[in-house]
Amino acid sequence: MDTATDRSLVRTWSLDAAAFALVLAERDPSWRSEVHEIAGGRLVLCGAGLYVNRLIGAGIEAPLTDDDVDAVVGRSQAVGVGAAVEVTPLTHPASLAVLGARGFAHDPASDVTASARRLPGAAIAAPADVEVRPVTTLDDLALWQETSARGWGHDGDAARRSADAFARVAFVVDGDAMVIAFDTADGEPVGCASTTIRDGVATVGGMSTVPAQRRRGVQAALLAFRLRIACERGCTLAASTTATGGASERNLARHGFISRFVVQTYRLR
């Protein structure tokens, strides 16, 4: 893989995030979601309490300007979220100087690692006692939401509201690439995940496993199923972002994903 691949990933993820925010704005205006094109990237503001509120894929071909930063700060304040900008090794060095001069600083706690693997690649061994099925109905969606909440431990109302909103959008954007894993013995859900497919790139995410079902290959089963879908739909690359140094990053590495770069978030202090 090369720099062109990394550019493709950054561009794809900015468009994916924008697609989520636009669907959310249409389906539930209460989040006040917005998308704006800035400096070759997308300012994606899903709303307070949601996962994506930042400028993505911008300031690469040419540095960010003060006007660009003004737009990020102004629109973020209007939506009610903190101003933030994603930075990767592709970001023009002068963009970092502009951000620093305007009071933005790196937030290490937000670092994620971008990983990718070519498709089809080596097959993933999935356990025989886990069955994966696509989400195709509203009942399936409700079960996905419940399973995800159990996997992530979303007990509070605010966390559950955000997670459920994400799932409703994924149901529209990802379609049947949104999946649930079941125990073949009792039919109980044991995990769930989703995949966003765009321009030959399958971005795998939304992965969670019910705590009592961990270490039995649930994520391997979910990943194997989603990569088959990706291949069937002509994808040549699978990718994901995970917490840097975390268990998910190590799990992807076991299945042929190679760490490409770290995505940093700069926040207005």
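We did not get these values from a lab; they are worked out from the coordinates using the rules stated. Source: prediction; values computed, not measured. Note that each Cβ is placed from the backbone with ideal geometry, even for glycine, and that neighbours are counted across all protein chains shown.
Descriptive notes on the structure:
- Shape call, the chain: gyration tensor on alpha carbons, a/c limit 1.5: prolate
- Peptides 10-18, 117-125 ranked from most to least packed by the mean count of surrounding Cβ atoms within 10 Å: 10-18, 117-125.
- Estimated D of the range 210-250 in µm² per second, where Rh is the Kirkwood radius over Cα pairs and Stokes-Einstein applies at 10 °C, 1.306 mPa s: 133
- Based on the reciprocal of the average 1/r between different C-alpha atoms, the Kirkwood radius for the range 120-235 equals 14.2 Å.
- Among 199-210, 137-148, 58-69, sorting by the average number of other beta carbon atoms lying within 10 angstrom of each residue, highest first, gives 199-210, 58-69, 137-148.
- On Cα atoms only, tilt of 138-152 relative to the major axis of the chain in degrees: 80
- Antiparallel %, DSSP beta bridges [both residues in the range 3-113], to 5: 90
- Shape analysis of the range 3-113 based on the Cα gyration tensor places the equivalent ellipsoid semi-axes at 22, 16, 12 Å, largest first.
- Annotation: the antiparallel percentage among DSSP beta bridges lying fully within the chain is about 90.
- Judged by the mean number of other Cβ atoms found within 10 Å, the most tightly packed of the peptides 249-256, 155-162, 37-44, 25-32 leads the ranking 37-44, 249-256, 25-32, 155-162.
- Per residue of the chain, the DSSP helices (runs of n ≥ 4 H) give a summed -39500 (n - 2.57) that works out to -12500 deg cm²/dmol at 222 nm.
- When every Cα-Cα distance of the range 169-269 is counted in 10 angstrom steps from zero, the calculated P(r) takes the values 14, 44, 32, 8, 1, 0 percent.
- Theoretical gain in end-to-end length, Gln77 to Thr5 [0.36 nm per residue, Cα-Cα removed]: 22.6 nm
- Residue (of Gly153, Ala39, Ser95) at the positive-pole extreme of the chain, dipole from beta-carbon charges: Ser95
- Other residues with beta-carbon under 13 Å from the beta-carbon of Leu252 carry, at +1 per Lys or Arg and -1 per Asp or Glu, a net charge of +4.
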